[in-house]
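**Q** The structure follows.
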């Protein structure tokens, strides 16, 4: 059942294959389908799964399942062209207390911790959505440095009251 649902998220994700993006460069899909299954089983319903690499200190989204565009309004390529994940959380980055929370979250993640939480994003159309996420570190081959992430995300907007 989970394999079928994983294949629905993206057909090559179940096999660990790769696809060509619209920009004609090879975009890696999640290399370990078992890892995706574990996250998927843990969270139950998942709206999208995404992978990122850390390049020059910045999280660069490399792949996302189809639900990513439905939830955020962005394709992976559009989001990266617009400036990456900071575009989605720009409202949080405006407030000092939120910047401290995000800085702590990133520091713990880079130390190898699995992180979980809720975050409010602004979609491409300007509306707000609340997301619940689980983010797993991806290690280099020697397991000494976190080089990326795999995230499972659920849209929980319906259960939240939007701030006025």
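The values are calculated or read from the model by the stated rules, or taken from the named source; none is laboratory data. What you see is a predicted model, and the numbers here were worked out from it, not measured in a lab. With ideal geometry, Cβ positions are generated from the backbone for all residues, glycine too; neighbour counts draw on all protein chains shown.
**Q** What number of residues in the range 123-136 are touching a helix residue (DSSP H, G or I) at 6+ places or on another chain (Cβ under 6 Å) and either part of a strand (DSSP E or B) or at pLDDT below 90 (or both)?
**A** Residues meeting the conditions: 3.
Rundown of residues vs (1) touching a strand residue (DSSP E or B) at 6+ places or on another chain (Cβ under 8 Å); (2) crowded, with 17+ Cβ neighbours inside 10 Å; (3) touching a residue at least 60 places away in the same chain (Cβ under 8 Å), yes/no style:
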residue	(1), (2), (3)
72	yes, yes, no
82	no, no, no
88	yes, yes, no
102	no, no, no
106	no, no, no
124	no, no, no
128	yes, no, no
135	yes, yes, no
145	yes, no, no
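**Q** Just the residues that are on the phi < 0 side of the Ramachandran plot and not in a helix (DSSP H, G or I), please, taken from the range 104-116.
**A** 111, 113, 114, 115, 116
**Q** Something else: Among what's in the range 31-70 and is surrounded by fewer than 17 Cβ atoms within 10 Å (Cβ to Cβ) and assigned to a strand (DSSP E or B), pick the residue that is farthest from the chain's Cα centre (by Cα).
**A** Filtering first and then ranking leaves 55.
**Q** Right, another one. Within the bounds of the range 89-103, is there any residue that is in a loop (DSSP other than H, G, I, E, B) and within 23 Å of residue 46 (Cα to Cα)?
**A** yes
**Q** Scan the range 67-101 for residues that are within 19 Å of residue 156 (Cβ to Cβ) and modelled with pLDDT under 85 and report the count.
**A** Counting residues in the range 67-101 that are within 19 Å of residue 156 (Cβ to Cβ) and modelled with pLDDT under 85 gives 7.
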